[in-house]
Amino acid sequence: MAVPGKRMNSARGSEIDQLWEQLAPIWIKEAREGRNAWRKGLLDRPMLEACGDVRGRRILNSGCGEGRFCRILRDAGAGYVLGVDLCAPLIDAARELATGSDLYLRGDVQDLSFLDDHSFSIWPYRT
């Protein structure tokens, strides 16, 4: 799939993209095994509280990584969750666990114009 949008500071962006490509397997393993205590213990609850009642809501998670928080929102009753991330291996990993009410697209969150015909109730930001 082509990457929608344009990269700001493309030389720097390319370097960061390459680093994420290298780190992706480690990040995916850590997320799947629940080994990141600060995310689970310190970040998840405040993020969910900030989102409020997500039941039936349409949610855009920009910078979704391997989709962990998207799945948390889905499991909390969100009607539809769209995760967007630039890192192909992370999006591929997210798609492995998708159930149909969550969708994952590779795209640049600096330019979401490719979503012009979509509307969302909640846009949690998380990196």
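Computed from the coordinates by the stated procedures, all read-outs in this text should not be read as laboratory data. These numbers were taken from a predicted model, which means no experiment stands behind them. Reconstructed Cβ throughout: ideal geometry from the backbone, glycine too, with neighbour counts over all protein chains shown.
With contacts taken as Cα pairs under 8 Å at a separation of at least 6 residues, segment 10-115 carries a relative contact order of 24 percent. Think of the chain as a dipole: +1 on every Lys or Arg Cβ, -1 on every Asp or Glu Cβ, centred on the Cα centre; then among W38, L97, S119, W38 lies furthest on the positive end. Here are labelled values, (1) 21.7, 66; (2) 14.2, 41; (3) 53.8, 183, and one is the computed Rg and Dmax of the Cα atoms in Å for what I pasted. Which one? So the structure-derived entry is (2).
In summary, no helical segment of the chain meets the span-like criteria, namely a full DSSP H run, a Cα extent along the axis of 24 angstrom or more and a mean Kyte-Doolittle hydropathy of at least 1.6. Counting 0.36 nm for each residue step from D92 to D75 and taking away their Cα separation leaves a gain of 4.1 nm. For G107, nonlocal amide neighbours, meaning residues 5 or more places apart or on other chains whose placed amide H falls under 5 Å from its own, are D85, L86. Among G77, G67, G41, the largest mean-square fluctuation in a Gaussian network model of the chain, built with springs joining Cα atoms closer than 10 Å, belongs to G41. Evaluated with a Cβ-only charge set (Lys, Arg +1; Asp, Glu -1), the chain carries a dipole of roughly 320 debye about its Cα centre, given to the nearest 20. Taking a ≥ b ≥ c as the square roots of the eigenvalues of the Cα gyration tensor, an a/c ratio of 1.5 or more together with a/b larger than b/c marks segment 19-59 as prolate. FRET efficiency for the pair I26 and V109, taken as 1/(1 + (r/R0)^6) with r the Cβ-Cβ distance and R0 = 30 Å, rounds to 0.90. Remark: spin-label model distance E15-H118 equals 3.0 nm, labels positioned 7 Å along the Cα→Cβ axis.
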